[in-house]
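Engineer: Would you mind keeping the following structure in view while I ask a few things?
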């Protein structure tokens, strides 16, 4: 897809920029602030879009922030994009953890592109299964440039089986939400780490001043725990890490390790 300028709402998944730059696009960032929980300000976004961009990339819920935009806000973003002639690319890779009611697929796909992943929620990352929802014209343009045989038969079969398992979907949404909230409370109670409100299966944490994320990651690795150093994300500095929300036992082990390191 030809174009010139793309705007990425940051912090964001790095592959957006990699793919755009490989295709010759100019990339700019609209960085959200940790001071207000990485909330998306529509007036500020409108000011940026007035600079004329061909594409806007927005991840909802955000990666790595976990911040969730409401359906009303996404509809407002789509309206702004329509006003400025910008195509919205909405990445909903983690929207399944919020429940399908939060998805803006139906409202966006008529004039934008919605990206969906099946590897996160259904725990099958090795299959690399996902899809895009858009209008027929854009679909034909994407079809003309995609690689052949990009989804194998096993991945297709697994995807169909996963989508049919409504019980797993309902139980997983409730389970992850419960464990995420419990983990947030535990972290805030016994560590100096600041957990940001999240809507996916991970939490973004800010470290105390003067404590670099790389050092914390190395110490946690020495305890057999792997966490994500987020200092490489545009819009974040060296004081942020991302942790996964897992089982109660695993979450307790993580919180205990943090508490011991900071005591």
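Engineer: How tilted is helix 136-145 with respect to the longest principal axis of the chain? Cα atoms for both, answer in degrees (0 to 90, nearest 10).
Structural biologist: Around 80 degrees separate the two axes.
Engineer: Among 47-54, 86-93, how do they line up by average Cβ neighbours within 10 Å per residue, starting with the highest?
Structural biologist: 86-93, 47-54
Engineer: Pop a pseudo-label 7 angstrom from the Cα along the beta-carbon direction at both residue 14 and residue 76 and give the gap in nm to one decimal.
Structural biologist: Label at residue 14, label at residue 76, 3.3 nm between them.
Engineer: Taking every DSSP beta bridge with both residues inside the chain, roughly what % is antiparallel (nearest 5)? Display every interim value, and only then the final one.
Structural biologist: On the way: 13 of 30 bridges.
If I count the DSSP bridges inside the chain, around 45 percent turn out antiparallel.
Engineer: Give me the angle, in degrees from 0 to 90, between the Cα long axis of helix 153-164 and the longest principal axis of the Cα atoms of the chain, rounded to the nearest 10.
Structural biologist: 70 degrees
Engineer: Which whole-number percentage describes the relative contact order of the chain, with Cα contacts under 8 Å and a sequence gap of 6 or more?
Structural biologist: For the chain, the relative contact order is 17 percent.
Engineer: In addition: Between 0 and 90 degrees, rounded to the nearest ten: what's the tilt of helix 248-262 against the longest Cα principal axis of the chain?
Structural biologist: Helix 248-262 sits roughly 70 degrees off the main axis of the chain.
Engineer: If you find the alpha carbon centre of region 8-50 and of region 194-263, how far apart are they in angstrom?
Structural biologist: Using only Cα atoms to place each centre, the spacing works out to 24 Å.
Engineer: Also: Along the Cα→Cβ direction, 7 angstrom out, place labels at residue 51 and residue 209. What is the inter-label distance in nm?
Structural biologist: With each label placed 7 Å out from Cα toward Cβ, I get 2.9 nm.
Engineer: What's the ranking of 27-35, 14-22 by average number of surrounding C-beta atoms within 10 Å, highest first?
Structural biologist: My ranking of the peptides, most packed first, is 27-35, 14-22.
Every number in this text was worked out from the coordinates using simple rules, so none of it is lab data. Since we're looking at a predicted model, the values are computed, not measured. Heads up, the Cβs are rebuilt from the backbone with ideal geometry, glycines too, and the neighbour counts pull from every protein chain shown.
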